[in-house]
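Encoded as C-alpha cells, the structure appears first; notes follow it.
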C-alpha cells in the first residue's frame with residue numbers, strides 16, 4: 001500500500017530574479033534527494049504576487065511513503 005505525505009516548505013523570496021531562481025532550484029534539488037516533489041508554489045497564500053511579493057514563499061510538496069501491510 002502506498003501512502004502520500006504532504007508538507008509546506010517556506011522559501012525566502014529574493015528581489016533579484018537570478019538569485020531567487022538559483023536558490024529555488026537548489027532547495028528543490030535538496031528536497032528531491034529526500035523524495036519530495038513540488039506540487040504547487042504559493043498555495044493558500046493570499047499575499048501579493050510577482051514584483052510585490054513580500055515574505056517567504058510557501059511550496060507544497062508531496063512524497064510517496066510505503067506503508068507496512070498489517071494482517
Inset, instruction - Quick one: residue 61 ticks every box in (1) out of contact with any helix residue (DSSP H, G or I) (no Cβ under 8 Å at 6 or more places or on another chain); (2) modelled with pLDDT of 80 or more except a single one, so which number is it? - result: (1)
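For the condition surrounded by 10 or more Cβ atoms within 10 Å (Cβ to Cβ), touching a helix residue (DSSP H, G or I) at 6+ places or on another chain (Cβ under 8 Å) and either at pLDDT 80 or above or assigned to a helix (DSSP H, G or I) (or both), what is the one hit in 31, 38, 25? Quick ask: steps written out before the conclusion?
On the way: 31 fails: touching a helix residue (DSSP H, G or I) at 6+ places or on another chain (Cβ under 8 Å); 25 fails: touching a helix residue (DSSP H, G or I) at 6+ places or on another chain (Cβ under 8 Å).
Checking each option against the conditions leaves just 38.
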Inset, instruction - Pull up segment 8-22, narrow it to residues that are surrounded by 12 or more Cβ atoms within 10 Å (Cβ to Cβ) and in contact with a strand residue (DSSP E or B) (Cβ under 8 Å, 6 or more places away or on another chain), then point me to the one that is modelled with the lowest pLDDT. - result: 13
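The values are calculated or read from the model by the stated rules, or taken from the named source; none is laboratory data. These numbers come from a predicted model, not from an experiment. Don't worry about glycine lacking a Cβ; one is built from the backbone with ideal geometry, like all the others, and counts go over all protein chains shown.
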